[in-house]
Amino acid sequence: MAVVAVVAAAALAAILWFWPRLAGRGLVPVVARIGALGVLQLSVLGLIFLIVNSSAEFYSSWSDLFGDQSGGGAIVAGPDGHAGTSQNAVSSQALAPVTVLATSAVAVPDRPKEAGGQLQTVRLHGQLSALSVLGYVYLPPSYRTRGGAALPVTVVISGDLDSPSNPYGAGALAGAAASQIAAHRLVPMIIVMLPAEVGQHDQGCLNVPGGTQADLFFTQDLPQIVGSAYRAAPPATRRWAAVGDSSGGYCALQLAMTSSETFALAAVPPGGYTAPPGPAESGGSPQIRAQEDLSWLLKHQPMQPISVLFTGGSTGQPFVTTARPPMHVGQTGLPPGKWQLTRVFDWIGSTLQPPAVRS
């Protein structure tokens, strides 16, 4: 963008400086004037395009723009089995809900020769929320099986997805899931990993008036995106779970408590959850501030048909003592190390409702 801005400014300065020399009559001066003005127009239009693209992120790279990327990027095929449009044919990411930017193989910890599935780097585009979110998607080894059943979905919300050593990093999450699937302690599932901050300073998955519509993205856009691009079970089957770390825990718990029709499970660290992380979004309204207090919601709204697991400690939780059926709350410690979320995946695997059996 800076280079094109300099070119546009230099073109304008050059035209003003040399215009007297281009003011003559004849074919050559006319062609020179047309060429000079054309260069100026192209540089200004190019600068405008770059500014708009920087804001809306229609194209992630020059290769994306010109369609000459030779990597694994592609629009994900739909659940009906028909191949999706390749990235070379459709360069604008706004035309599809999911764009795969990179794909890597996942190794099963302590079993290097066993296939652990795939980890995709993706960009998700929400039609209703107008949010474009960069994240990761883990696909188990059995995902490529033709005619396979729809898989449950776990949405992990973390502020450390890019960390190679953090248990909530994308690589560690994929490895932990692959380990439990290989050990038959976790059913094959799709894991969508998204950052805790999906908009401007929003880490609570809330709909901010006049601002980020994060709740709309997670509860309506995300099921539509995942359902259209992957072989995923719909939320109505009660096979969607939300997991959060210290920065995404409020978001995961809030989604389950306010959108139980989408998220049947939530696994989050211990905490009071009296307010979302980050700047206050209540605008000074006592009612909105009270509704942001999840312990207040627990006491004042009907119990939701969800299961919640508090991870990493046994500190006193108002949720444990207050929750009543159909809401179920439990606690568990986590083992040390990079793969500590294996215990969380064990709980998800044993708690997720199995698919209904057709008679």
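The values are calculated or read from the model by the stated rules, or taken from the named source; none is laboratory data. Because the structure is a prediction, the values reported are computed rather than measured. Virtual Cβ from ideal backbone geometry, glycine too; neighbours counted across all protein chains shown. Note: areas computed on protein heavy atoms with side chains; ligands, DNA, RNA excluded. Shrake-Rupley method; radii C 1.70, N 1.55, O 1.52, S 1.80 Å.
Summing Lys and Arg as +1 and Asp and Glu as -1 over all other residues whose Cβ lies under 13 Å from the Cβ of ILE15 gives a net charge of +2. You can think of it this way: the chain between SER142 and ALA32 has 33.3 nm of extra reach, that is 0.36 nm per residue less the Cα-Cα gap.
Taking a ≥ b ≥ c as the square roots of the eigenvalues of the alpha carbon gyration tensor, region 204-269 is oblate, as a/c is not under 1.5 and a/b does not beat b/c.
Would you work out if region 155-268 is rounded, prolate or oblate? Take a ≥ b ≥ c from the square roots of the eigenvalues of the alpha-carbon gyration tensor; rounded if a/c is under 1.5, else prolate when a/b is larger than b/c, oblate otherwise. The shape class here is oblate. Per-residue extension of 0.36 nm, minus the Cα-Cα distance of ALA236 and THR322, leaves a gain of 28.3 nm for this segment. Surface analysis of region 91-162 yields an accessible area of 46 Å² per residue, using protein heavy atoms and a 1.4 Å probe. Of the peptides 328-334, 252-258, the ranking by mean beta-carbon count within 10 Å, highest at the top, reads 252-258, 328-334. Dividing the convex hull volume of the alpha carbon atoms of region 297-349 by its residue count gives 76 Å³ per residue. With a simple spin-label model that places each label point 7 Å from the Cα along the Cα-to-Cβ direction, the separation between ARG21 and GLN224 comes to 5.8 nm.
Taking a point 7 angstrom from the Cα of GLN127 along the C-beta vector, which residues in region 203-226 have backbone N less than 11 Å away? Within reach of a label on GLN127: 221, 224-225.
Relative contact order, whole percent, for region 184-283 stands at 25, derived from Cα pairs under 8 Å and 6 or more residues apart.
Tell me whether region 132-184 comes out rounded, prolate or oblate; compute the Cα gyration tensor, take square roots of the eigenvalues as a ≥ b ≥ c, and use a/c under 1.5 as the rounded threshold. It comes out oblate by the Cα gyration axes.
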